[in-house]
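Heads up: the structure comes next, in structure tokens.
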Amino acid sequence: MADPMKIRAKLQGDVADIRVLISHPMENGNRKDSDGKVVPAHFITQMSVEVDGKAVIQGQTGTAISRNPVFGFKVKGAKAGDKVVIKWQDNKGESRTDEAAIA
Amino acid sequence: MRKIRTIGALCTIAALGAGPAGAAGEAIQDKADAEFAKFRAEMEESNPAELFELKGEELWKAKRGPNNVSLAESCDLGQGVGKVEGAYVQMPRYFKDAGTVMDAERRIVWCMTEKQGFKFEGIAKKPFAKDEYTPEITSLVTFVAGQSRDMKFAVPLQEPHVREAYEIGKAVADYRAGPYDFSCSTCHGSDGLRIRMQNLPNISSHEGATKAVLGWPGYRMTGGVMLTQQWRMNDCFRQQRFPEPKYVSDVITVLLTYMTGNANGAVYKGPGIKR
């Protein structure tokens, strides 16, 4: 199973600053290993963020994102204690869901 | 005759050119530094190194190895068995059970072989991260380092063994050898030197040594890998065209004792982020 994400969600006024660190190889499928064989593509294709049960961000991601990526979002109208749920899915069908509370 | 005069003229231009060009170079350098400082400030709270801290914590607590014991219940980093808070900033230190001075990575390797029963050769085969591969020892060091965040470096230099290691480290830093007849001090022994756009910290001063030890272990954006200070030191040897030291070698420990000792009193900010 994939490694856990690290989520930080801080309230600044009524805007929640959400930051997530994802552990993922994000292989673009164009690199070759030391034997000259192509390293198969392995990257996150779907991502979603829910705040307090409501989907606030849904996105498709591609190969132009670094390994172990960091994403930052600003969400208006969030309250302290709201649950943030972040999900991702990659092209191999692996997925991971983690949650945190807004502080 | 004419040719010689032309060359003379060119030399004059070159000599005149050096001053202003140098100043412009410095300005560009400052700007590049400032830009990277901005990036670092932005990334400090979202440093991928934290992912390795999490992994390291799991590894620290898990029962592993042929002896099926965890490091948390067997490994003494100098603060008592299993205690990791503040251990990193107080290493290198002398360990009676091992009879020698050890830095954090070396000590954890020692615990893995002596307590958990892992084979040293197995750990030393691929000790540093490359591409997607991150050795367990790297995550463990990152976890331990993270447990000293915002604490002051306090290498026990008054301890005679540590003092000796410090003095040997100082001598090693000044030792010139290899095909380029280089020592560490050639580049890192005086203020204001740089290679290309990279400022070189003077490790013989408190400020320089602090710059050199802060931010390790560090997550390197280039390649997206987590690297330890052992890696950094080995790479210095490689860049000097010295033979590369064996993994967790004495020579690295004494150099780290010298550098970290010089940084004593500075606040460690935890695992860092590197370009």
Next on the checklist: How much of the DSSP bridge set in the protein assembly as shown is antiparallel, in percent, rounded to the nearest 5?
Outcome noted: 95
Item to check | Relative contact order (%) - the range B:169-217, alpha-carbon pairs under 8 angstrom, separation at least six | outcome: 20
Checklist outcome for this item: quick shape note, the range B:150-228: Cα extents on principal axes in Å, largest first -> 40, 37, 22
Checklist entry - Helix-derived [θ] at 222 nm for chain B: sum -39500 (n - 2.57) over DSSP H runs of at least 4, divide by residue count, nearest 500? => result -15500 deg cm²/dmol
Item to check | Residue order, fewest to most beta carbons within 10 Å, for B:HIS206, B:HIS188 | outcome: B:HIS206, B:HIS188
Next on the checklist: Only Cα pairs within less than 10 Å get springs; with that Gaussian network setup on chain B, which residue of B:ALA171, B:ALA98, B:ALA209 has the largest fluctuation?
Outcome noted: B:ALA98
Next on the checklist: Averaged across B:40-46, how many Cβ atoms of other chains sit within 10 Å of each residue's Cβ atom?
Outcome noted: 3
Checklist entry - For the range A:6-101, what are the per-bin percents of Cα-Cα distances with bins 5 Å wide, up to the bin holding the maximum? => result 3, 13, 23, 21, 14, 11, 7, 4, 3, 2, 0
Item to check | Equivalent ellipsoid semi-axes, the range A:4-48, via Cα gyration tensor eigenvalues times 5, rooted, Å | outcome: 35, 10, 7
Checklist entry - Of B:PHE39, B:PHE153, B:PHE118, which is the most mobile in a GNM of chain B whose springs link Cα atoms less than 10 angstrom apart? => result B:PHE39
Checklist entry - Which whole-number percent is the relative contact order of the range B:48-274 (Cα, under 8 Å, 6+ apart)? => result 25
Checklist outcome for this item: Compactness summary of the protein assembly as shown: radius of gyration and Dmax from Cα atoms, Å, are 24.1, 87
Item to check | Ranked list, fewest to most other Cβ atoms within 10 Å of each Cβ, for B:THR134, B:THR253 | outcome: B:THR134, B:THR253
Checklist entry - Highest GNM mean-square fluctuation, chain B, Cα pairs closer than 10 Å: which of B:GLU136, B:GLU45, B:GLU244? => result B:GLU45
Checklist outcome for this item: Going residue by residue through the range B:189-194, the Karplus relation 6.51 cos²θ - 1.76 cosθ + 1.60 with θ = phi - 60° gives ³J(HN,Hα) values, rounded to whole Hz and with x marking Gly or Pro, of x, 9, 7, x, 8, 8
Checklist outcome for this item: Note, the range B:259-266: 3J(HN,Hα) by Karplus (6.51, -1.76, 1.60, θ = phi - 60°), whole Hz, Gly/Pro = x, goes 5, 5, x, 5, 8, 3, x, 6
Checklist entry - Rounded, prolate or oblate: which fits the range B:27-146 when a ≥ b ≥ c are the square roots of the eigenvalues of the alpha-carbon gyration tensor, with rounded for a/c under 1.5 and prolate only if a/b beats b/c? => result prolate
Checklist entry - Which of B:TYR258, B:TYR219 comes first, and how do the rest follow, when ranked by fewest Cβ neighbours within 10 Å? => result B:TYR219, B:TYR258
Item to check | Positive dipole terminus of the range B:48-274, leading residue within B:SER148, B:THR134, B:THR210 (C-beta point charges) | outcome: B:THR134
Checklist entry - In Å, what is the Rg of the alpha-carbon atoms in the range B:48-274, and how long is Dmax? => result 16.7, 51
Next on the checklist: Per-residue Cβ counts within 10 Å, from other chains only, averaged over A:66-77: what number is that?
Outcome noted: 3
Checklist outcome for this item: Mean per-residue count of partner chain Cβ within 10 Å for B:50-56 equals 4
Checklist outcome for this item: Counting only DSSP loop positions in chain A, the GluC sites (Glu not before Pro) whose Cβ has at most 14 other Cβ atoms within 10 Å are A:GLU94
Checklist entry - On a 0 to 90 degree scale, rounded to 10, what angle separates helix B:49-61 from the longest Cα axis of chain B? => result 30
Next on the checklist: What Kirkwood Rh does the range B:28-82 have if only Cα atoms enter the pairwise 1/r average? Answer in Å.
Outcome noted: 14.1
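Read-outs: derived from the displayed coordinates by stated rules, not from any lab. All of these numbers come straight from a predicted model, not from anything done at the bench. With ideal geometry, Cβ positions are generated from the backbone for all residues, glycine too; neighbour counts draw on all protein chains shown.
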